[in-house]
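Read-outs: derived from the displayed coordinates by stated rules, not from any lab. All values reported here derive from a predicted model rather than from experimental measurement. For neighbour counting, all protein chains shown are included, and Cβ atoms are generated from backbone atoms with ideal geometry for every residue, glycine included.
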Amino acid sequence: MDNNGNKTRIVKEIKVDTKKCVGCRACEIACSAFHAIPKFSSVNSARSRIMVTMDEVRDVFVPLRAGDYAQAECNGRNAYVIDGKEYDQCTFCPASCPSRDAFKEPDSGLPLKCDMCESQPPLEKPMCVDACTFGALIYEEKEVAIPVASVEASQEKRGEMKTGLESLIRKYGIKNVTETVARLGKKG
Ligand code: SF4
Ligand code: SF4
């Protein structure tokens, strides 16, 4: 809760200071090791959810974290001009997209997405930030208010679910409903 009584949530953020990035790729190594199965059993930058785009001639190094999966190639692009050089329109895009290989698990081809290193117990800071000894990645947590409309929408959804569950229990009995839910839970 904030001072005005609004519900809040923690938003995690990694700021990138491209001027400090030297392209060492320690962030990629740390991320891939953390997400290896079992954890830290292997290192493979192709499995990293952070990728450092490099232009060594111009001293441009831009670490990008994998964003959402895009089902189709987009038809609107961004153009970037840095120090007078125009970069390919997809160069700084964080999406895992069908039209390129970036952010895809090399064996399965499944999309990779940064999960901010969510784990139990939680890390003090994400692996890539911890590995970046040059200070190019800066981790911050912010408490932000949840818009009233989205709190109301989720309460409304919970209310609808409760009503639906009650009517199923009336129709089929609590034993049948709980057994079915347990069975479905095992499949997931
Ligand atoms: S570890 Fe830091 S300096 Fe090295 S490539 Fe990654 S962001 Fe850049
Ligand atoms: S926050 Fe974690 S998952 Fe995301 S890029 Fe960094 S190391 Fe990888």
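Put in line by how crowded their Cβ is, counting other Cβ atoms within 10 Å and starting with the fewest, Lys12, Lys171 read Lys171, Lys12. For the cross-link pairs Lys12/Lys162; Lys20/Lys142; Lys39/Lys113, which exceed 20 Å when the distance is taken from alpha carbon to alpha carbon? Flagged as over cut-off: Lys12/Lys162; Lys20/Lys142. Segment Glu179..Lys157, full-extension length gain: 5.6 nm, with 0.36 nm per residue of separation and the alpha-carbon distance subtracted. Equivalent-ellipsoid semi-axes for the range 28-88 (Cα gyration tensor, √(5λ), whole Å, largest first): 28, 18, 7. At 7 Å along the Cα-to-beta-carbon direction for both Lys142 and Ile10, put a label point, then send me their distance in nm to one decimal. Roughly 1.6 nm, to one decimal.
Normalising the average separation of contacting C-alpha pairs (under 8 angstrom, six or more residues apart) by the number of residues puts the relative contact order of the range 8-145 at 36 percent. Just need the Rg to Rh number for the chain, please, alpha carbons only, Kirkwood Rh. Here the Rg-to-Rh quotient is 1.08.
Based on the alpha-carbon set only, what is the convex hull volume of the range 53-129 divided per residue, in Å³?
Working: hull volume 9.7 nm³, N = 77.
In the range 53-129, the Cα convex hull volume per residue is 126 Å³.
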